[in-house]
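One structure below.
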Amino acid sequence: MGTEATARLELKSITKRFPGVLANDQVSFSVQPGEIHALLGENGAGKSTLVKMIYGIMQPDGGEIRWNGERIVVAHPKAARKLGIGMVFQHFSLFEAMTVLENIALGMDAKIPARELEARIKEVMTQYGLKLEPHRIVSTLSVGERQRIEIVRALLLNPKLLIMDEPTSVLTPQEVEQLFVVLRQLASEGCSILYISHKLHEIKALCHTATILRGGKLVDTCNPSVETSRSMAEKMIGGNLKTIEKAEGRTVGREKLIVNRLNMPARSHFGVSLKDITFTVREGEIFGIAGVAGNGQNALLLALSGETLTDDPGAITVDGAQLGRLTAKQRRLAGVSSVPEERNGHAAVPEFTLADNSVLTARDRLGMVKGGLIDHKAARTYAGEVISTFAVKALGPGSTAGSLSGGNLQKYIMGREIMQNPAVLVVSQPTWGVDAGAAAAIHQALVDLAAAGSAIVVISQDLDELLSLCDTLAVINEGRLSPSMKVADADIEEIGLLMGGVHGDPAATANLHPEPVHAHQA
Amino acid sequence: MSTEFIIAAIVTIVGLTTPILLAALGELVVEKAGVLNLGVEGMMLMGAICGFGVTVSTFNPWLGILGAAAGGALSSMLFAVLVLELNSNQVATGLALTIFGTGLSSLIGLSYTGFIAPVFGSVFPASLANDAYLKVIFGYSPIVYFALIMVPVVAWFLKSTRSGMILRAVGENDLSAHSIGYSVKGVRYAAIAFGGAMAGIGGAYFSMVITPMWAEKMTAGRGWIALALVVFAGWRAGRLLVGAYFFGILMALELYAKASGFSFLPSQFWAAMPYLMTVIALSVISMRDRSGGNAPACLGKPFLPST
């Protein structure tokens, strides 16, 4: 990279305090022109706060920001864009009911006539191979297309520095590759890129330099091509990365959960219908369902949990008992527990205490309601047990669910279900937005529950998670589930193609039907 | 049915429609910015008394209109400060504004009881305004023409101007608008003030045109119809015009039933019709479109940026 003297962006001892937390503590690093610089860290490490200060959304309490060698104050995002700093947010800042063109126009500070803007958008799209229809309403677009709006919006400003906040968490492996092509092209043209992620293999594949944050402090600035994923992960969490411990020579038992030709019409015209979903999960088996978001995962979870009922009672059976027409409450009594993707508002009520949240799913199995009255003592005791067993960072059973961080609430919700010893557990995105430490704890709890003989279904977009956790795997695409395959002999290329909806040679996948699995994983 | 009857009916309907059309246009802009102000009735009453007070003090109805707009806008600022600065609940604060506006307008009105203001009627030459036929076009108060002009103006502002686009963006996703760098509070203050001014002018139509004197609670619940009208129109200015006239016709039927003894149903039934239709229209719309259709996504939610 270029000389230190002409860094495009240089941070010197940046400090930011929030009530009770030091979000950034004397953070210093620099980004050179044309450099792709990774900002790496767990949730809560201070990455987002740091880039918000660079982009002018927040002001630092101490330290200085230098831009091309000159000390600057970025008072607001408009000032950042004027300097040539663009940002693509993790949660897209898009206006759903408005068109692509209006969304882009809103992000532009200069008043450009609509027709001229459209011409410039088309220019940028052809230059970087980004496809978009300017007059479509955003709510009708896929996640990948929405991200393209954000990228085009940023590129129209001819940025000198582009900040990307966890851009790949919603993309297929193929879409990620396309994004990397765009980013490399930008970097070769001299644009610096600040790339926030916790996906280490992406950082190794893409970035020239990585700055690692932990607890608001800069831990290390290193070269990702010489580091290993493991060494960077350990710097990120500040300790040894725990490997999931699976019992040696574990065997799976008889068939527990059988889903046979499950069909479900779409709930709305934006929804996905389920078509002939068929799979079997055995006692002690962890069954993974991979796929890009929006391909029927939510519909499948709702069908399994009992929030939507199937027409055919025999479409879902557990130990031979037909569950298809049973409600969520009846299924819980029959031993089927589920954890939906959305923590606040679906799995838990944010305004309720942890104890009250435990009543919501454990009341029948653990007898927390007597004569129509809630047994608050039993609820508090159970919530306390979950908190201590799963090392949930909370003041106690009286804390509200909404006051917990995402990772801690997820640990609590997983614990609440696991400690009811369900015969079948269905979880969606168990570690989405959860830091590595909490993720490891959740994975270990799932493995232990399986070892105790439960059948587990894990629906996740994170392929790495499924490959390390599951015994068997299938891919969902547009409401259809691929044949099951043993993780031990799964082919990543093939899974990636299935996720993108390209179905491989039927002969090649035909021999991947479920069989008793003997998993021996490192 | 004679021509005279039709002309009289049209003149009546236009008169009944104008106040709710004005108030609803204002509320449309407020709601498009993501704020639900249930204080329309209170702001209309404040506009009614301020407009009347200024008119009898200055003998200038044009100043009276400005006074009405200022009265409505100032009372809406009370709501704006509570909702935008203190993040109070919008529904409760709006209801409080209605109660407050009702009370304060009565208090101010005590010193104006018994006064009669000149009617703020047509400004066209009497030969046009009083002509048996031409009065259907020229026989109205300037407030009527203002209301009609404001329909395309509001529609054009929201759809085609950059400011209108920013206002919609603020109502659609306040956090995103903030992160791009737009002033969510600034936009909302302006929208609430506009809504207050429009409601104030709508209220003044009662005290300056319909009955040129002050009476307590003289807007008689029309503010609530204006609120329902915004939902009924699916947050579109053009449909607001259609909806307002639909309600105007229903209200005219009540007057007709009373006056003509057209009485196979009691006149109370006709009086209840606009309110009944409001309930039915809202139910039908919500059944047809569960997602709320065109409703601004941030409607009624407090704006809480993380900084």
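The values are calculated or read from the model by the stated rules, or taken from the named source; none is laboratory data. All of these numbers come straight from a predicted model, not from anything done at the bench. Ideal geometry is used to build each Cβ from the backbone, glycine not excepted, and the neighbour counts take in all protein chains shown. We work out accessible area using only protein heavy atoms, side chains counted, and drop any ligands, DNA or RNA first. Shrake-Rupley method; radii C 1.70, N 1.55, O 1.52, S 1.80 Å.
At a glance:
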| quantity | calculated |
| --- | --- |
| Alpha-carbon spread of chain B, three principal axes, descending order, Å | 63, 47, 35 |
| Rounded FRET efficiency, nearest 0.05, which uses the C-beta distance separating B:SER127 from A:LYS217 and R0 of 60 Å | 0.10 |
| A:ASN260 versus A:GLU189: modelled label distance in nm, points set 7 Å from Cα along the beta carbon direction | 5.8 |
| Contact order normalised by residue count of chain A, Cα under 8 Å, 6+ apart, percent | 14 |
| Loop-located chymotrypsin sites (Phe, Trp or Tyr not before Pro) in region A:119-199 whose Cβ has at most 15 other Cβ within 10 Å (DSSP) | none |
| Debye, to nearest 20: dipole size of region A:4-237, +1 on Lys, Arg Cβ, -1 on Asp, Glu Cβ | 340 |
| Buried solvent-accessible surface, both chains (B, A), 1.4 Å probe, Å² to nearest 100 | 1500 |
| Qualifying chymotrypsin sites (Phe, Trp or Tyr not before Pro) in region A:252-344, DSSP loop, other Cβ atoms within 10 Å at most 11 | A:PHE270 |
| Segment B:LEU255-B:VAL81, length gained on full extension (0.36 nm per residue, minus Cα span) | 58.6 nm |
| Cα pair distances exceeding 23 angstrom across region A:4-237, given as percent | 48 |
| Stokes-Einstein D (µm²/s) once Rh is taken as the Kirkwood radius of region B:168-254 over alpha-carbon pairs, at 25 °C in 0.890 mPa s | 160 |
| Between region B:222-255 and region A:425-493, the alpha-carbon center distance in angstrom | 55 |
| DSSP bridge orientation in the protein assembly as shown - percent antiparallel, rounded to nearest 5 | 50 |
| Cα extents of the protein assembly as shown along the three principal axes, largest first (Å) | 101, 72, 53 |
| Region B:85-164: mean projected area of Cα convex hull, nm² | 10.0 |
| FRET efficiency for A:ASN344 and B:ASN89, using Cβ-Cβ distance with R0 set to 30 Å, rounded to 0.05 | 0.90 |
| Inter-label distance for B:ILE210 and A:VAL143, nm, one decimal - labels placed 7 Å from Cα along Cα-to-Cβ | 5.4 |
| For region B:175-192, Karplus couplings with θ = phi - 60° (6.51, -1.76, 1.60), whole Hz, Gly/Pro x | 5, 5, 4, 5, 6, 6, x, 8, 8, 4, 5, x, 4, 6, 4, 4, 5, 5 |
| Options B:ASN89, B:SER127, B:SER105, ranked by Cα towards positive dipole end of region B:3-288, top entry (Cβ charges) | B:ASN89 |
| Label-point separation, B:ILE7 to A:ASN421 (7 Å along Cα→Cβ), nm | 9.1 |
| Charge tally in the Cβ shell below 11 Å around A:SER454, where Lys, Arg are +1 and Asp, Glu are -1, A:SER454 excluded | -2 |
| Separation of alpha-carbon centers, region A:153-230 and region A:392-410, rounded to whole Å | 32 |
| Inter-centroid distance (Cα atoms) of region B:135-213 relative to region B:41-59, Å | 19 |
| Efficiency of FRET between A:ARG115 and A:ARG136 - r from beta-carbon atoms, R0 25 angstrom, step 0.05 | 0.90 |
